[in-house]
Structures are given as structure tokens and as C-alpha cells.
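The next block holds one structure in the form of C-alpha cells; read it before the comments.
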Amino acid sequence: MTPDLAIIGAGPAGLGAAIEARAAGLSVVLVDDQPEPGGQIWRGAGTVPKARRQLMGPDYAKGRAVIDAFHASGAGYLPGHVAWNIEAEPLAIDCAGPGGSRRILPRALLLATGAVERPVPVPGWTLPGVQTAGGLQILMKASGLAAEGAVLAGAGPLLWLLAAQMAAAGAPPLAVVETLPRGRYLGAVRALPGAMRAPGPLAKGLGLIARVLRAGVQVHRGAAALRIDGTDRAEALCFRDASGRDRRLEAQTVGLHMGVVPNQQATRLLRIGHDWDEAQAAFLPRRDGDLRLAPGILMAGDGAGIGGADAAYLEGRLAARLLAGGETGGLRRGIARARAARPFLDRLYHPGAALPGDETVVCRCENVTAGAIRRAARDGAIGPNQAKFLLRAGMGPCQGRTCGPAVAALVAEARGQGMQETGYFRIRPPLKPLPLSVIASAELPLPGTQAAPP
Amino acid sequence: MPGPTPDPVPSAETLPARVDTVVIGGGIIGCCTALELAERGFSVLLCEKGHIGGEQSSRNWGWVRLTHRDPREMELMVESARLWQQLDRRVGAETGYRRCGIAFGFRDEAGRADLEQWLPSLRDYQLPASVASPAELADLFPGMEGGLQGALLNRADGRAEPQKAAPAVARAAQALGATVAAGCAVRSLDISAGRVSGVFTEKGRVACDSVVVAGGAWSRLFLGNAGVELPQLRLRNTVLRTAAVPDGPETTIKHPDFTARRRADGGYTVASVLANRFELTPDSFRLFMKFLPALRNEWRTISFSVGHGFVEAAREPRRWGADQVTPFERCRVLDPDPDRKAIDKVYASLQRAWPAFRGVPVEQYWAGMIDVTPDAVSVISKVEQMPGLVIATGFSGHGFGLGPGAGKLAADLASDARPFTDPANFRLTRFSDGTPIRPISGVARR
Ligand SMILES: Cc1cc2nc3c(=O)[nH]c(=O)nc-3n(C[C@H](O)[C@H](O)[C@H](O)COP(=O)(O)OP(=O)(O)OC[C@H]3O[C@@H](n4cnc5c(N)ncnc54)[C@H](O)[C@@H]3O)c2cc1C
């Protein structure tokens, strides 16, 4: 395939870019590993029954219109295709789908690979019944299932959104346990004036919290020392409450959430430089003012820094506009407005510096504990790659997508160094596990098979 | 007598060694398929043995109608009409599409009843169809006599310019990187490990993952050589175009004796199903049983003849190798002789009914070969026994209007995308799996 523009990721940014690029007459192919367009936030929004769409709230319903516009745009679409290899010079993408692997040689590439949930390694987080909040939300969107009597714990806007959606679906959670340290709300107030330039998101957030409280959900604020108890599966969430008392909430289902961070797999694979951003507590890929990561490669949406769905959609459109040529001032102003509340939210929901205790498993694929990583770091592993080499942390099926940020933070802590010098896993193809048959029948010899550098 | 000249399309000198998809046939169907694929980022080679739009796609009446559609085709046509509306903007050129409406006139109660049965299905799709009174007809067609009692009028029906549409679509595909090779017949498919791996053209082999056969009246012959049986016959229809008619009607008229459609140049394309002629060939006998229901349906309007075409067709080879000159190269543009007698009669009755046309000279006569399937519904289908092969052909006299939607569906099939409409109605196997073959709208009943 030889499109003008290849896009990876069918969330708001990718869809916005595809619609805009087609309107400008570019040929477009969009690759996405899900069966339907929408990404995480609009998952299933194009196909779920109307009733469920309404339960999920107005932001979700908005996705329907964008998905329809995408389908009508005439863009090529490869759903169920994993982009498992990306090369910069010349630009090439290998993606594997039901029919085998296919090579795309685009003139330009847009990464719209979005965010992933920050790992929440607390004791017991690997027990059956413990999920991420995002995972619980996927269940609701995809199959209309809301777990009864769940406990949601952690911090971030998604926690409240999910609680409100579960309440609307008639299965409100038993409790929301927020782990923000006391005083965080006050600290965030300094960023409030900026956020008030576009108060929409804040009003929405307050509305959600009010709805959760009205639904009779217990709310615990200032919780610490989360732990999930259970032998074969989750039985209870335990924590220390704001007054220092130990609490225990019986629950079969626990949803954990500590915010989202850019999904770095693609940008790391392309060897794009990343900078540690303390405000978002995440690595962000280096991008210029025109969304460019490298010649011919652009990034839009949360993958380049968390900005939310509205900003992502507009950034996708901006990326297409930049490629096709045309006026960009209006879109840039729209993006600035959509991101106005970000500094406030980043401050409020900053994950803080607390890291898991030694016993806690961090890499769940390979069952590696925080203690093992600390020991490896003290024994000379100067970065996550050495820890991976020594312990296999990050070598399992998720290829470090889940544990990467936590492994890096543990190494940094144990060595008393900054995140920037600690760095991140070196990502190599395939980005996701592939059946051997796909590799065997791939159009070109398997790239990335050179020996790993020390 | 050559047909009307389609707009020119630049042709590539050299062929790519490999593409994602090869489209065979530069008619409206092949061009729309190529554009869809190019927009979706696939590399495409469009091969046309003659010139783009040289056969049916430039010779047709130029009707883009929703009325008189087989229900199996309705969804495809509704999407096509939507795509026609955006086509000029999409291809950056003028295709002449207008929602001018078509009035299907009737002279008696039987005619009324026959036409009224189409109303419910049109209303199902919220189409603005109604029965127009003689007074309304007088408004639409001032001065027309001809004894009409009324007409089924659908204002969503339209027209486009056949000499412009396929070329404009081909050029737009080219602008998106598709290679258009005119004067380049595809001789045969290259099959390896049971699936399509390329094509042999008269200019050499091109590797590909999929092939779309959109060869119009040639598809049966091409597929037969590959061992794929497609029941398809040719029906000749003759057309004339007039000089400009000052203040002529905007709306297209179908009168039982004639039809007239306004052209962009101010003249009219005049035709009638009465000028249909079925030329008997050896295939007519091979396929006789398959086409019997269709023939029964329409035989009042079709005349049969055995001309020199019979001998020619009998001599035509049906199998050949990749290194042999094929019938596609020997006949670059299928240009049947117009049936002057029949079409002159049609024009005479038009002039009798309508003073505005009296004294308007005929500028050109031509004929075209309509490719017909046993149920008069197209084949837009994968071929089970041959992965990578897609057929988009057999449009049975109404493929011009269906072009954009059919191209979209063919592109869906060729790229393994989820088809936008259920392709089951268009599957090839319906002719061989015992499905009763029911022609509903037919070829000639529009
Ligand atoms: C007189 C007449 C009036 C009609 N009126 C209408 C109408 O009003 N409305 C309507 O909707 N439809 C109408 N039709 C039908 C319509 O024109 C056709 O259904 C439509 O054009 C079919 O398009 P196509 O691309 O399948 O075929 P074509 O336009 O016939 O194109 C097929 C092309 O394939 C090429 N080809 C074949 N084999 C090979 C090969 N091996 N290698 C390379 N190239 C090859 C041929 O040269 C040809 O150019 C009419 C048809 C005729 C003849």
C-alpha cells in the first residue's frame, strides 16, 4: 500500500486526521488493532445500542458522529490490524491482520497511538477480580456489563467518570477510594485561573462527582497504603483513611486507576527522543510546533502528552491540515482552549512519588517484584534495559507496555538518579506478540533482528 | 461507426512491477473501483484494452435512476446516488450529475398499475416519488403530446454525462497515485498456490494481491479462460443524439415509444428499449436455459437476429495462453453497428409527439453492447475457489448509475474490508447453487 498518509490508531486523533485528510483529497489508510473505530474513549460508540450510548454520557455520544464521518470519508481502514513494526527511513509500517501481514509505504505517517493506564502496582493487584478502571469501562462499552458492588480506587478523572457511568447503568460502585494526599486540592488551586479560560471540563468533573455522591456511593478521600486482600481472588480492598485508621471494604471487583500516560511503544521503537515531564509524571516524545517527531512522521493526541479527547481530535485535524496545507490558526486556538484545564488536572492528580514496597509484583507477565528490581539497580543495572536483561521484566506478552513506567521509576529511585537519565525500555519489533505464521509469511524479511546493543 | 468520444485520460508508458490490486476494465465500474482503492491508500493498476470509457460507459443513456430498481440493488443504488452528489467535488471535475428527475409516462390503466407498484419501495427509502397528473406533465414537458395519462415521477432520479464521468474518475485515481494503462489488455491471470498472484498483460506481468474483473461485455470471455463460469449475454441497444434543442425540457422523459435525456451540450440523447436487439451467438444456446426467465420477461421488447456476429463469435477462441494475442487486443473498442431503422422510428415518434423536436437534426448514431446476467442483477463477488479474484460486472443495462456504489463494494471486497452493504445478493454462486433466478426489474422495463 502506498497512501499519502498512514495513521496508526483510530481514537479521536486518528479519526480527526483521517476525516480532515480525506476532505483535503489525500489518500489515507488507518490501521488499528480494535475491530471498530473509536479508540479507548469512543470504543463501540459507532455500533452500541442507543440506550447504552446514552448511559455512557454526552462525550461518548459525540463519538458516534465522528465515527460516522470517518466511515463516510472514504479513508482506507484496516481494523483488527496490529502495527507491529515501524521504520523511519524509508517510511514503512508492517501490520498484521486476519489475512496476514501487510506492508504500508506511506508518504507521511501519523502516530495517534494514544495513552495507556499508568500501572498501579499495589499488593494484591494481580489477583483475579482486580482490574484497571479502563478495563472495567471497556466491559461496559463492549458488552454492557457493569460489575455489582465494585470498589474503585486511585485518582484521576476517569475514576469519577466510570463511577458515574456505573451508577447510570444501575450498578453504582460500593465506594470510590481516592488516594490524593490532603492538601492536593488546595495546591492545584494555583492553576485554576488558567483552567477557567475554558471551564467546561471542570464543570463536567464537578457534575460527575455530584452524580456519584447522589447515587449513594461511599467516598473516601485522602486514602493511602492500598492493598487488595484475597487468597484465590480479590476479597477486599484495604487502605489507611485520612484520619489514619485502617479500613477494609469487602469487594469481589476492584478497579484501580492512577491516570494515564502516553503510550510510548511506537515512538520508542522509532528511536524518537523523549523527555521526562514532571508535571504529567511521564515521558513525552520530542515533537516540534508542527506536531513533527521526525521527517514525515507526526504525532497527535494523548501519545504526545495527555490532553484529552477534544484536544486529540483537533490535533489530528491539525496534523492533516499541516500535511495538506491550509490555515491552521483556528485549530491551534481550539487545541489551546481544549487543553486549558490540563495544568490544573495534572497538578491535582499527580501520582506523587510513592513507589511499591519490595514484595509487590511490578512486571505481572514475568512475575518480577519491586524488590528484585531495586536489588538489580543497586547491583549495577543503570537503566530499565539492564533490569529487563537481568530479570525479564518487560519481556512478557505486553512487551513492557504495562510495567515500563514503574520499572523505570524503581530503577531511578534505587540509584538516586533522575528519570531523564534513567530512561526507558528499548522497544523492538514486534510491538505485540504475533503468530509465527504471520512472521513467516510477512512481505519482507523480518526487520530488527540485529543484536541488541549493550 | 464510432461512439461518442470520452474525455481523454493520460496513459502510463510503463507498468509497475507490483501493486496491491489490478483492476481490469476502464469503464465506470473499473474507474470507480480504482478511485476507491487509491483513496484508501492501496496501490492500483487500472488496465484498459482500448481507451477509458470507450465501451458501455460512454455509450449509455446517462440515466442515474433509483426508480425501477431491483430491490436487491436498492441499497447499492441509494449509496450510489449519495456518492454521485459528491462526485464532482471528490474528483475535482465536472461529471454533469444533476437531480433532474425522470418521468415514466403511462398511457392507460394497465401502465399506471404497472408503474404504481414501484411507489412503496421508493417510499421505503424516503424518495420523492409520486404520480404526476397530465397537467403536471404539461408543465414539465411543454408542448409534448403523445397521449400520456400521467407519469411516475421521481425527482431524486438524475443524469450525468457518460463521456465525462469515467474519465474524470480515472484522472482522480491517477492523481492519488493509481497507474492507468490504456491500450493495455490483460490476457490472463497468474495463479500460484491456488490464489491470484498477478496478471499477464500484453505489456508483461504485474504482481498483485487481488484482481477486480470489471470487463463489461468481455468479462465472461476473460473469466472463462480462467475456468470461472459467468453466465452473461450481450444485448445491443442503439442511441442517437440530437443537435441542441432551444428551451428543451430539463426532466428526463420515458414515454412508451421513446426516451429523451438532456445533455450538457443542450442536445438530447434519444433512445428506447424498442431498439434492443439480441444477437444470437453460440453462447446464446449454451446459456439458453439460464436466461429463459429473463427472456420470457422481456421478449416483447427484444428482437432477435442472427448476423455475421454469430460466425465471428463462433470463431473467437475461448482459451489462450499468456503469450498469445487475445480477442481483447483484436477488438480494442467494441463498437456494434447501430440499428438505424429502429432508432429512426423511435425519433420519428418523438418528433410526432413533440413539435419542439421537429427539424432538430440528428448529430450522431451509435450502439453499445449491454452485458446481461440471467436475473439482470450485477455480479459483485469474490470467487470462492480463487482467493484474490473479485468480479464486478454484468450490470445489465443499469451500471452507469450504480458505478460509484458498485466501485465502493468491489473495493471493499478486493481489500477485505467489511462490505458496506450485504454482498450476498450479488454473489456469483447464485447462478449455480440452485437459487431460483428471478429477474425483477429486468433490462428493458425501465
Ligand atoms: C446503449 C446503452 C444504454 C445504457 N443506458 C444506461 C443508463 O441510462 N443508465 C445506467 O445506469 N446504465 C445504462 N447502461 C448500462 C451501463 O452503461 C453499463 O452497465 C455500465 O457502463 C457498465 O460499466 P462497466 O465498467 O461494467 O463496463 P464497460 O463500460 O463496458 O467497460 C468495460 C471495459 O473493460 C475493458 N476490458 C474488457 N476486457 C478487458 C481486458 N481483458 N483487458 C483490458 N480491458 C478490458 C473494455 O475495453 C471496456 O472499456 C446502458 C448501456 C448501453 C449499452
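The values are calculated or read from the model by the stated rules, or taken from the named source; none is laboratory data. What you see is a predicted model; the values in this text were computed from it and never measured. All Cβ positions, glycine included, derive from the backbone under ideal geometry; neighbour counts span all protein chains shown. With ligands, DNA and RNA removed, areas are computed over all heavy atoms of the protein, side chains included. Shrake-Rupley method; radii C 1.70, N 1.55, O 1.52, S 1.80 Å.
Heavy atoms only, probe 1.4 angstrom, no DNA, RNA or ligands counted: give me B:252, A:253, B:14 ranked by accessible area, highest first. Intermediate results must be reported in sequence, preceding the final value.
Details: B:252 0, A:253 20, B:14 110 Å².
Descending order: B:14, A:253, B:252.
At a probe size of 1.4 Å, how large is the accessible area of residue A:258, to the nearest 10 Å²?
Looks like 40 Å² after rounding.
About its Cα centre, how strong a charge dipole does the protein assembly as shown have in debye, to the nearest 20, once Lys and Arg get +1 and Asp and Glu get -1 at the Cβ?
1280 debye
Could you work out [θ]222 nm for chain A from helices alone, using -39500 (n - 2.57) per DSSP H run of at least four and dividing by all its residues? Round to the nearest 500 deg cm²/dmol.
-10000 deg cm²/dmol
Sort the following peptides by mean Cβ neighbour count (other Cβ atoms within 10 Å, averaged over residues), highest first: B:418-430, B:173-185.
For the peptides B:418-430, B:173-185, the packing ranking is B:173-185, B:418-430.
On full extension of the chain, what length is gained from residue B:349 through residue B:17, given 0.36 nm per residue of separation minus the C-alpha to C-alpha distance?
Additional length available on full extension: 114.0 nm.
Between chains B and A, what is the buried accessible area in Å², counting both sides, with a 1.4 Å probe and ligands, DNA and RNA left out, to the nearest 100?
By this definition, chains B and A bury close to 1100 Å².
For chain A, what are the DSSP H helices with axial Cα length of 18 Å or more and mean Kyte-Doolittle hydropathy of at least 0.0?
Numbers: long enough: A:58-72 (22 Å, -0.21); A:200-214 (21 Å, 0.79); A:309-324 (23 Å, 0.52).
Helices meeting the criterion: A:200-214, A:309-324.
Give the carbon-plus-sulfur fraction of the accessible surface of region A:130-258 in %, rounded to a whole number; probe 1.4 Å, heavy atoms of protein chains only. Please list the in-between numbers first.
Numbers: 3390 of 5890 Å².
Carbon and sulfur together cover 58 percent of it.
Against the longest principal axis of chain B, how steep is helix B:162-175, in degrees 0 to 90 to the nearest 10, with axes from Cα atoms?
40 degrees
Peptides A:191-197, A:393-399: what's the order by average Cβ count within 10 Å, highest mean first?
A:393-399, A:191-197
Could you tell me which of rounded, prolate or oblate describes the protein assembly as shown, using a ≥ b ≥ c as the square roots of the eigenvalues of the alpha-carbon gyration tensor, with rounded for a/c under 1.5 and, failing that, prolate when a/b is larger than b/c and oblate otherwise?
Here the protein assembly as shown falls in the prolate category.
Relative contact order (percent) for region A:281-404, with alpha-carbon contacts under 8 angstrom and 6 or more residues of separation?
Values: 125 pairs, mean separation 17.8, N = 124.
After rounding, I find 14 percent.
What spacing in nm lies between the two simple spin-label points modelled at residue A:379 and residue B:244, each 7 Å away from Cα in the Cβ direction?
Here the modelled spin labels are 9.2 nm apart.
No other cysteine beta carbon under 4.7 Å away is the test; run it over chain A and list who passes.
If one checks each Cβ against the other cysteines of chain A, A:95, A:238, A:365, A:398 turn up with nothing under 4.7 Å.
Hey, can you grab everything whose amide H is under 5 Å from the amide H of residue A:219? Only 5+ residues off in sequence or another chain; H modelled, so Pro and N-termini drop out.
The list, which skips near neighbours in sequence, is A:176.
When the gyration tensor of chain B is built from Cα positions, what are the square roots of 5 times its three eigenvalues, in whole Å, from largest to smallest?
For chain B, the ellipsoid semi-axes come out as 35, 23, 22 Å.
Which value, in Å², gives the accessible area per residue of chain B when a 1.4 Å probe is used on the protein heavy atoms?
I get 37 Å² per residue for chain B.
Rank A:145, A:270, A:166 by how far each Cα sits towards the positive end of the charge dipole of chain A (+1 on Lys, Arg Cβ; -1 on Asp, Glu Cβ) and give me just the farthest.
Sorting the options by dipole projection puts first A:166.
Dipole of chain B (Lys/Arg Cβ +1, Asp/Glu Cβ -1, origin at the Cα centre): which of B:149, B:168, B:264 lies farthest to the positive side?
Value computed over the given set: B:149.
Direction-averaged shadow area of the convex hull around the Cα atoms of region B:320-446, nm²?
Across all orientations, region B:320-446 yields a mean hull projection of 11.9 nm².
I'm checking a number: the convex hull volume of the Cα atoms of chain A, normalised per residue, in Å³. What is it?
143 Å³
Quick one: which bits of region A:4-41 get at least 40 Å² less accessible when the partner protein chains are in, versus the chain alone, with a 1.4 Å probe?
A:22, A:27
Heads up, I need the accessible area for residue A:185: 1.4 angstrom probe, whole protein in place, Å², nearest 10.
Its heavy atoms expose roughly 90 Å² to the probe.
Give me the percent of accessible area attributable to carbon and sulfur for region B:301-359, probe 1.4 angstrom.
Exposed carbon and sulfur together represent 54 percent of the surface.
For chain B, give the magnitude of the charge dipole about the Cα centre (Cβ charges: +1 Lys/Arg, -1 Asp/Glu; no others), in debye to the nearest 20.
With only Lys, Arg, Asp and Glu charged at Cβ, the dipole is about 360 debye.
Go through region A:76-114 and flag every residue whose accessible area shrinks by 40 Å² or more with all protein chains in place compared to the isolated chain (probe 1.4 Å).
A:102
Going by a ≥ b ≥ c, the root eigenvalues of the Cα gyration tensor, does region A:130-258 fall in the rounded group (a/c under 1.5), the prolate group (a/b larger than b/c) or the oblate group?
Verdict is oblate for region A:130-258.
Once ligands and nucleic acids are excluded and a 1.4 Å probe is used, how much of residue A:437 is accessible, expressed in Å² to the nearest 10?
Approximately 80 Å² for this residue.
Can you give the longest stretch of chain A with no exposed loop site, where a site means GluC sites (Glu not before Pro) in a DSSP loop (not H, G, I, E or B) with at most 16 other C-beta atoms within 10 Å?
Of all site-free stretches, the longest is A:1-147.
Report the FRET efficiency, 1/(1 + (r/R0)^6), for residue A:69 and residue B:341, where r is their Cβ-Cβ distance and R0 is 60 Å, rounded to 0.05.
0.65
Any idea which of A:200, B:101, B:81 is furthest toward the positive side of the dipole for the protein assembly as shown, if Lys and Arg beta-carbons carry +1 and Asp and Glu beta-carbons -1?
Ranked along the dipole, the leading option is A:200.
For chain B, modelled as a GNM with alpha-carbon contacts under 10 angstrom, which of B:128, B:404, B:256 fluctuates the most?
B:128
Which residues of region B:32-58 show a drop of at least 40 Å² in accessible area when all protein chains are present, compared with their chain alone (probe radius 1.4 Å, heavy atoms only, ligands and nucleic acids excluded)?
Flagged in region B:32-58: B:39, B:40, B:41, B:42.
Roughly speaking, to the nearest percent, how much of region A:361-422's 1.4 Å accessible area is carbon and sulfur? Write down the numbers at each step before the final one.
Working: 1300 of 2630 Å².
Summing carbon and sulfur atoms, their accessible area is 49 percent of the total for region A:361-422.
In debye, nearest 20: dipole of region A:361-422 around its Cα centre with unit charges on the Cβ of K, R (+) and D, E (-)?
It works out to roughly 120 debye.
Given the pairs A:141/A:204; B:254/B:290; B:49/B:203; A:62/A:141; B:203/B:408, which span a C-alpha to C-alpha distance of over 18 angstrom in this model?
On the way: A:141/A:204 20 Å; B:254/B:290 30 Å; B:49/B:203 11 Å; A:62/A:141 14 Å; B:203/B:408 28 Å.
Checking Cα-Cα distances, A:141/A:204; B:254/B:290; B:203/B:408 exceed 18 Å.
Would you mind calculating the relative contact order of region B:21-445 from Cα pairs under 8 angstrom and at least 6 residues apart, reporting the percent as a whole number?
On the way: 964 pairs, mean separation 102.2, N = 425.
Once normalised by length, the contact order is 24 percent.
Please report the net charge: other residues with Cβ closer than 11 Å to the Cβ of residue B:237, K and R +1, D and E -1.
On the way: positive: B:59, B:234, B:236, B:277; negative: B:339.
Cβ neighbours under 11 Å give a net charge of +3.
Report the calculated FRET efficiency for residue A:231 and residue A:142 (r = Cβ-Cβ distance, R0 = 41 Å), to the nearest 0.05.
0.90
Per residue, how much accessible area does chain A show when a 1.4 Å probe rolls over the protein heavy atoms, in square angstrom?
Using a 1.4 Å probe on heavy atoms only, each residue of chain A averages 41 Å².
Using the Karplus equation 6.51 cos²θ - 1.76 cosθ + 1.60 (θ = phi - 60°), what ³J(HN,Hα) coupling, rounded to whole Hz, does each residue of region B:33-39 give in order, writing x for Gly and Pro?
These are the phi-based 3J(HN,Hα) values: 5, 5, 5, 3, 5, 5, 4 Hz.
For Cα pairs less than 8 Å apart in space and 6+ apart in sequence, what is the mean separation divided by the residue count of chain A, i.e. the relative contact order in percent?
Across chain A, relative contact order equals 18 percent.
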